[in-house]
Amino acid sequence: MSLALWALVGVVVSGMLLRMPIGFSMLMAGVAYLIVKGQDLGLVAEQVSNGLYNSYVLLAVPLFVFAANIMNAGTVSERIFDFCRILVGRMRGGLAQVDILVSVIFSGMSGSAIADAAGPGLVTIKQMLKKPEYSPGFAGAVVVASATLGPIIPPSIPMVIYALVSGASVGALFLGGVVPGVCMTILMMCVVHVIARKRNMPREDPIPLREWPNIVFRGALPLSMPIVLLGGIYSGAFTPTEAAAVAALHALVLAAFVFRALSWRAFGAVVLESTRASAVITIILAGSFVLNYAFTSEGVPQAMAAWVDSLGLSRLQFLFMVNALFLILGCFLDVSVLLLVFVPMLLPAAKLLGVDLVHFGVLVVLNMMIGLIHPPFGMLLFVIKALTGIPIGAMMREGWMFLVMLLLLLVAITVFPDIVLWLPRTMGYGTAAPTG
């Protein structure tokens, strides 16, 4: 490592230890690199401008954020919750099963794990805590686990960011997440069923048939969003980026004009929160562009590929190494940082070994979702604690079965790429067969 690269790493680590926002730490590290390297500091502005303004796909990120916040501010979560009670409420541990199904539906609208936990998740936690059979730790653990479905089932904000750095097709990535998302859903519902039977958790009271038409009607319009989005993308009516704009408009029309559940004050709060969240992501993006320039100048991705090649790793061994790396880094770093800084360093090695980029992308995103729920710094655990006051320790004790289930699914997807690639290939996206 050159002195300039040591300076970059030192500034990033120092910023993290001082609890500086990671985006600012990355920008300062890039400036430090250029100073030590003796290069023009104007390269910072050049890299940021080129990265942000030449990436059409990036427009999808703030639009999906806005759509999710609109839905959480309106009555969409409650309407979906009531609809799902009809479908799975009569199962043992009905409210927990309802939460998982709600997350599946909401995942088809928002693409964000945090939005899922803070919106529908909060609704179901409040319902579960009204009944003594559901402990606070269990309620929190179910919501935290089910929120990981958000970025796996399309659309997905992390997959959009991965497509930016890898060049993979957004449409193929979205399709690649469908089968793993279905597997996650089934496994989570099985875990809840096992726990519910063991603890004799209650079934929900049956909803009278005369109320079904009204509940279905109330839930039909929100349920139409995933159909509109995915149908539009795969029919060729609009691109994934344009789909994000459609999602935002669809959510706004429903919440403001159809449901009349969005006041001007609430709309202002939504715009403010969406702007704040988008600004955080943009600053991280800006920092990552500068860091990636430094890493590319120093030949770090190529050195990583040469190192992996020298180890004589097979494709499968490399993927397990990537899993271990991201499971560890996921304890400490934000999803955006992992996608924008570490994934580009690993992509040359993945290509060298013939790893399909769609398979690699879904695998990486699943790793990061597991990182959001496992100790010591799982972001979703802290979100639910902040919203409900449920202790993190209680959620960890109740959620270990969900974590084991996700790890087993991760192993299965690593060993059997067709779990991810079957649907994109069937739909004609032409992902290459993995070799090596």
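The values are calculated or read from the model by the stated rules, or taken from the named source; none is laboratory data. In this text the structure is predicted, and so the values were computed from the model without any measurement. Here the Cβ is made from the backbone with ideal geometry for all residues, glycine too, and neighbour counts use every protein chain on show. The area values use the complete protein model at the heavy-atom level, side chains included, leaving out ligands, DNA and RNA. Shrake-Rupley method; radii C 1.70, N 1.55, O 1.52, S 1.80 Å.
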Given the conditions (1) crowded, with 19+ Cβ neighbours inside 10 Å; (2) within 25 Å of the chain's Cα centre (by Cα); (3) small (Gly, Ala, Ser), report the number of the one that Ser278 does not fulfil. (1)
Given the condition touching a residue at least 60 places away in the same chain (Cβ under 8 Å), among the acidic types (Asp, Glu), buried (at least 20 other Cβ atoms within 10 Å of the Cβ) and outside any helix (DSSP H, G or I), answer yes or no: does some residue in the range 288-310 qualify? no
When you check Leu407 against the structure, is it under 30 Å from Gly167 (Cα atoms) and either under 19 Å from the mean Cα position of the chain (by Cα) or of a type in the set (A, V, I, L, M, F, W, C) (or both), yes or no? yes
For the range 321-333, state whether one or more residues are buried (at least 21 other Cβ atoms within 10 Å of the Cβ) and touching a residue at least 60 places away in the same chain (Cβ under 8 Å). no
Tally of residues being under 25 Å from the mean Cα position of the chain (by Cα) and of a type in the set (A, V, I, L, M) across the range 14-29: 5
So which of Leu149, Leu164 is in contact with a helix residue (DSSP H, G or I) (Cβ under 9 Å, 6 or more places away or on another chain), more than 23 Å from Val355 (Cα to Cα) and surrounded by 19 or more Cβ atoms within 10 Å (Cβ to Cβ)? Leu149
Conditions first: (1) over 22 Å from Pro158 (Cα atoms); (2) open to solvent by less than 40 Å² (accessible area, probe 1.4 Å); (3) among the acidic types (Asp, Glu). Asp116 passes all but one, so which condition is the exception? (1)
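So for the range 236-244 (the condition being outside any helix (DSSP H, G or I), farther than 25 Å from Arg425 by Cα and free of Cβ contacts under 8 Å to residues at least 60 places away in the same chain), does at least one residue qualify?
Here is the first cut: in the range 236-244, the residues outside any helix (DSSP H, G or I) are 236-239.
From what is left, the residues that are farther than 25 Å from Arg425 by Cα are none.
Among the residues of the range 236-244, not one is outside any helix (DSSP H, G or I), farther than 25 Å from Arg425 by Cα and free of Cβ contacts under 8 Å to residues at least 60 places away in the same chain, which makes the answer no.
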Looking at the range 30-47, I want the residues that are of a type in the set (Lys, Arg) and have a partner that is in a helix (DSSP H, G or I) with Cβ atoms under 7 Å, at least 6 apart or on another chain. Which pairs are those? Lys37/Ala4
Members of the range 342-370 that are more than 11 Å from Leu173 (Cα to Cα), β-branched (Val, Ile, Thr) and in a helix (DSSP H, G or I): Val343, Val364, Ile370
Candidate set from the range 70-106 (those that are polar (S, T, N, Q) and modelled with pLDDT under 80); member that is farthest from Thr148 (Cα to Cα): Thr75
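For the range 75-90, check the following and say yes or no: at least one residue is touching a Lys or Arg at 6+ places or on another chain (Cβ under 7 Å) and outside any helix (DSSP H, G or I).
If we filter the range 75-90 for residues that are touching a Lys or Arg at 6+ places or on another chain (Cβ under 7 Å), which is where we start, we get 79, 82, 90.
From what is left, the residues that are outside any helix (DSSP H, G or I) are 90.
For the range 75-90, residues touching a Lys or Arg at 6+ places or on another chain (Cβ under 7 Å) and outside any helix (DSSP H, G or I): present.
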Enumerate the pairs (first residue in the range 139-152 and of a type outside the set (A, V, I, L, M); second residue anywhere and outside any helix (DSSP H, G or I) and open to solvent by 10 Å² or more (accessible area, probe 1.4 Å)) with beta-carbon separation below 9 Å, excluding pairs fewer than 6 apart on the same chain, so at least 6 apart or on different chains. Gly140/Pro391; Thr148/Leu372; Thr148/Ile373; Gly150/Ser112; Pro151/Ser112
Filter result (touching a Pro at 6+ places or on another chain (Cβ under 8 Å) and at pLDDT below 80) within the range 305-335: Cys331
Does any residue of the range 35-50 turn out to be in contact with a helix residue (DSSP H, G or I) (Cβ under 9 Å, 6 or more places away or on another chain), among the hydrophobic types (A, V, I, L, M, F, W, C), open to solvent by less than 20 Å² (accessible area, probe 1.4 Å) and assigned to a helix (DSSP H, G or I)? no
Restricting attention to the range 51-70, which residues are surrounded by 12 or more Cβ atoms within 10 Å (Cβ to Cβ) and not in a helix (DSSP H, G or I)? Ser55
Exactly one of (1) within 18 Å of Ile153 (Cα to Cα); (2) in contact with a Gly (Cβ under 8 Å, 6 or more places away or on another chain) is unmet by Ala67. Its number? (2)
Go through (1) farther than 30 Å from Ile80 by Cβ; (2) surrounded by 15 or more Cβ atoms within 10 Å (Cβ to Cβ); (3) small (Gly, Ala, Ser) one by one and return the number of the condition Ser336 breaks. (1)
If you check every pair at least six apart or on different chains, which have Cβ atoms under 6 Å apart with a residue in the range 195-221 that is over 20 Å from Ala96 (Cβ atoms) first and a residue that is at pLDDT below 80 and open to solvent by less than 50 Å² (accessible area, probe 1.4 Å) second? Arg218/Arg79
Among the residues of the range 376-394, count how many are in a helix (DSSP H, G or I) and more than 20 Å from the chain's Cα centre (by Cα). 4
Go through the range 131-146 and report how many residues are in a helix (DSSP H, G or I) and open to solvent by 10 Å² or more (accessible area, probe 1.4 Å). 1
Exactly one condition in (1) within 25 Å of Val179 (Cβ to Cβ); (2) open to solvent by 20 Å² or more (accessible area, probe 1.4 Å); (3) aromatic (Phe, Trp, Tyr); (4) under 20 Å from the mean Cα position of the chain (by Cα) is not met by Phe416; state its number. (4)
Number of the condition not met by Ala220 [criteria: (1) more than 16 Å from Phe66 (Cβ to Cβ); (2) open to solvent by less than 30 Å² (accessible area, probe 1.4 Å); (3) of a type outside the set (Ser, Thr, Tyr)]: (2)
